[in-house]
Amino acid sequence: MELLQLRYFQALAKEEHMSRTAEKLYISQPSLSLTIKKLEKELGVPLFDRTGRSIRLNAYGSLFLRHVDEVFSALERGGNELRKMYGHYENQVLIGIQTPYVWQDLTRDFLNANPNITLGQRSIESSDYIDQLLREEIDFHIGTLGDGNHTEKEALFDSVVFARGDVYVVVHPNNPLAHKESVRMADLRDEYIVARNHSDSFQQYTDKLCRDAGFSPRIALECDYTLREQMVAQGYGISFSTEYALRWLDNDTVVPVRISDPGIRRIYQLIWKKSRPFTPIMKKFHDFTITYVSGN
């Protein structure tokens, strides 16, 4: 028996409507139905009465729901007690970060102004931050809405633009592109690309830039973002970067060249779940960020 099964059962028991429950859980109706049937098979009893397309919690389900509610209440209490034990309940903000290159100045200045507050930072290179925000596992995310295939969920979030930066291509010094002041995306059509994992938000962004320019990216290999410039230096291909990442580039064997197509600038946002009420500490970080952005 898995917690995910219990969570789905709890949601369906309270909604008593298969399609609405599936929509709220962001899963397909067949997936929800299959999960519930597997749970019933494991328990050995039906939890719902089904008549046509209608579904109603039965006596077995009502009894089981009371215990499931107790399970999740106990888990929530346990999590709260752990956070209190470590002193990270009233004075911590949990932040997901898409890149280590953008947030340093903001967080440093925030901590200098609020020395009694701690920031918990979690690197989230993929679009997993969407679900982590929805589950309230993190308070904010510093990244970019619009990457990947999650447009149906974007209405659930608010955001403020935190930073903007030019996009660059990093090339080997012997590459003809290295001698140009800037390039267009069309100039990269025949280049092999040293890429990040396909689930990475920035990789999804640059893949879209290639498609918008009329070609599919020619991926030479995938590697961790910290190794991309080394692979470029060894002649495997080119890689994409941003002006923020280039501030930390310590490799004189590669050459960054700005992409000059109109409208190509990487936007970073502070993102949060729209329906979540701010705790006092979340509001303090949010308000500091708004003031910080307007002053820079």
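The values are calculated or read from the model by the stated rules, or taken from the named source; none is laboratory data. These figures come from a predicted structure and were not determined experimentally. Using ideal geometry, Cβ is built from the backbone for each residue, glycine included, and neighbour counts are taken over all protein chains shown.
For the list (1) farther than 28 Å from residue 132 by Cα; (2) under 34 Å from the mean Cα position of the chain (by Cα); (3) small (Gly, Ala, Ser), I need the number of the one condition that residue 11 fails. Unmet for residue 11, out of (1) farther than 28 Å from residue 132 by Cα; (2) under 34 Å from the mean Cα position of the chain (by Cα); (3) small (Gly, Ala, Ser): (1). Residue-level check: of (1) farther than 20 Å from residue 231 by Cβ; (2) touching a residue at least 40 places away in the same chain (Cβ under 8 Å); (3) surrounded by 14 or more Cβ atoms within 10 Å (Cβ to Cβ); (4) within 14 Å of the chain's Cα centre (by Cα), residue 136 misses just (3). Suppose we keep only residues that are in a helix (DSSP H, G or I) and crowded, with 19+ Cβ neighbours inside 10 Å within the range 172-197. Which one would you say is farthest from the chain's Cα centre (by Cα)? Restricting to residues being in a helix (DSSP H, G or I) and crowded, with 19+ Cβ neighbours inside 10 Å, the top hit is 188. Scanning the range 280-294 turns up no residue that is on the phi > 0 side of the Ramachandran plot and not polar (S, T, N, Q). Which residue is modelled with the highest pLDDT, if the candidates are limited to the range 214-225 and must be in a loop (DSSP other than H, G, I, E, B) and surrounded by 15 or more Cβ atoms within 10 Å (Cβ to Cβ)? In this case the residue turns out to be 217. Please specify each residue of the range 153-171 satisfying the condition of being farther than 30 Å from residue 277 by Cβ and buried (at least 18 other Cβ atoms within 10 Å of the Cβ). Once the filter is applied, which keeps residues that are farther than 30 Å from residue 277 by Cβ and buried (at least 18 other Cβ atoms within 10 Å of the Cβ), the range 153-171 yields 165, 167, 168, 169, 170, 171. The lone criterion from (1) in contact with a strand residue (DSSP E or B) (Cβ under 6 Å, 6 or more places away or on another chain); (2) part of a helix (DSSP H, G or I) left unmet by residue 31 is number (1).
Being in contact with a helix residue (DSSP H, G or I) (Cβ under 7 Å, 6 or more places away or on another chain) and over 28 Å from residue 156 (Cα atoms) is a condition met by at least one residue of the range 1-20. Checking each residue of the range 169-191 against the condition of being within 25 Å of residue 95 (Cβ to Cβ), among the basic types (Lys, Arg) and not assigned by TED's automatic domain parsing to the domain that holds residue 96 gives no match. Selection within the range 279-296: residues that are surrounded by 14 or more Cβ atoms within 10 Å (Cβ to Cβ) and at pLDDT 85 or above. The member of this set that is farthest from residue 132 (Cα to Cα) is 288. Of everything listed in (1) at pLDDT 90 or above; (2) surrounded by fewer than 12 Cβ atoms within 10 Å (Cβ to Cβ), the single unmet condition for residue 53 is (1).
Exactly one residue among 184, 164, 189 is more than 22 Å from residue 247 (Cβ to Cβ), touching a Lys or Arg at 6+ places or on another chain (Cβ under 9 Å) and of a type in the set (Lys, Arg), and that residue is 189.
Quick one: would you say residue 228 is assigned to a strand (DSSP E or B), surrounded by 14 or more Cβ atoms within 10 Å (Cβ to Cβ) and charged (D, E, K, R)? No; evaluated as a whole, the condition is false for this residue.
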